[in-house]
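Take a look at the structure set out below.
The values are calculated or read from the model by the stated rules, or taken from the named source; none is laboratory data. No experiment lies behind these values; they were computed from the predicted model shown. Cβ: placed from backbone, ideal geometry, glycine included. Neighbour counts: every protein chain shown.
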Amino acid sequence: MQEKYPLEFTLKDNTRLVCRPAVIEDFKKLEDFFLGVPKFDLQIFKDDVFKEEKIEQWLISTFQKKLIQLIVIKNDRIIGSGTLESEGLDWQNTAEIKIIVGLEHRRKGIGSRLFDLLLHEGLEIGMQKLIIRYASDNRGIISLLENYGFDSEITLSYFLEDRENKTKKDIVVSSLNIQDWKRRFEFYSPVLK
C-alpha cells in the first residue's frame, strides 16, 4: 500500500493535490480540518466530535483502529479525509467507508477519488463487503454509489438531527460485495486501458 503514496493528481481546474495515508504528525492539521467541517456532516461518525475537546480524543484513539485513513492535501492544508475502518463491525472481512471533503472543495471530484482509492485498498486487504452511511438527501453520494453498484440495505427514519436548522433526516446504510465489483472492474479494465 505505502509504495503508491503519496499520490499526486490534478483536478479539472488544474489544481494539484496530494493524497496519502495520515500519520500521527498530521494530528493538528486534521483537527483544524474537522473543526471547519459543518457539524451536521460529522454525524456519520459514531463518536461525538461536535465538541472541540472530543475531537482530539477521537483523532488519537482512532489512529490505531482504522484500516487506512487517507488525507488530501492542498498547499499544506488538509481538504479531505477518507477512512476504511472495521471498528464496531462484528462481521469479518467487512469495512465501512467514511469520506469528508471541506465545503469549499466539494463537487470537484475529490470525494470520488478518495472513494475509488478506498475501494481498491479494501480489495488489497481482503475485504469482502463494504458499507457506507449517508443522509438520504445526499444526491452526490447516491449517484456515486449507484455507479459502483452499492445496494441500499436499510433506512433509519429521522435518525440524523440538523441542530442548526432543527430538522431531522433519514440515514441510509448501503453495501457492496466488493468481490463482485472486482470482477466487474476486471471485465471492463481492458477497455479502459
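Consider the stretch 103-119. How many of its residues are within 14 Å of the chain's Cα centre (by Cα) and in a helix (DSSP H, G or I)?
Going through the stretch 103-119 one residue at a time, the tally reaches 10.
Only one entry of 146, 161 meets the criterion of being of a type outside the set (Ser, Thr, Tyr), modelled with pLDDT of 85 or more and not in a loop (DSSP other than H, G, I, E, B), and that entry is 146. The residues of the stretch 120-139 that are of a type in the set (D, E, K, R), crowded, with 20+ Cβ neighbours inside 10 Å and outside any helix (DSSP H, G or I) amount to a single one, 133. Just to be sure, is residue 125 of a type in the set (A, V, I, L, M, F, W, C), closer than 17 Å to residue 27 by Cβ and modelled with pLDDT under 90? Spelling it out, it is not the case that residue 125 is of a type in the set (A, V, I, L, M, F, W, C), closer than 17 Å to residue 27 by Cβ and modelled with pLDDT under 90. Within the stretch 123-146, being acidic (Asp, Glu) and in contact with a Lys or Arg (Cβ under 8 Å, 6 or more places away or on another chain) holds for one residue alone: 137.
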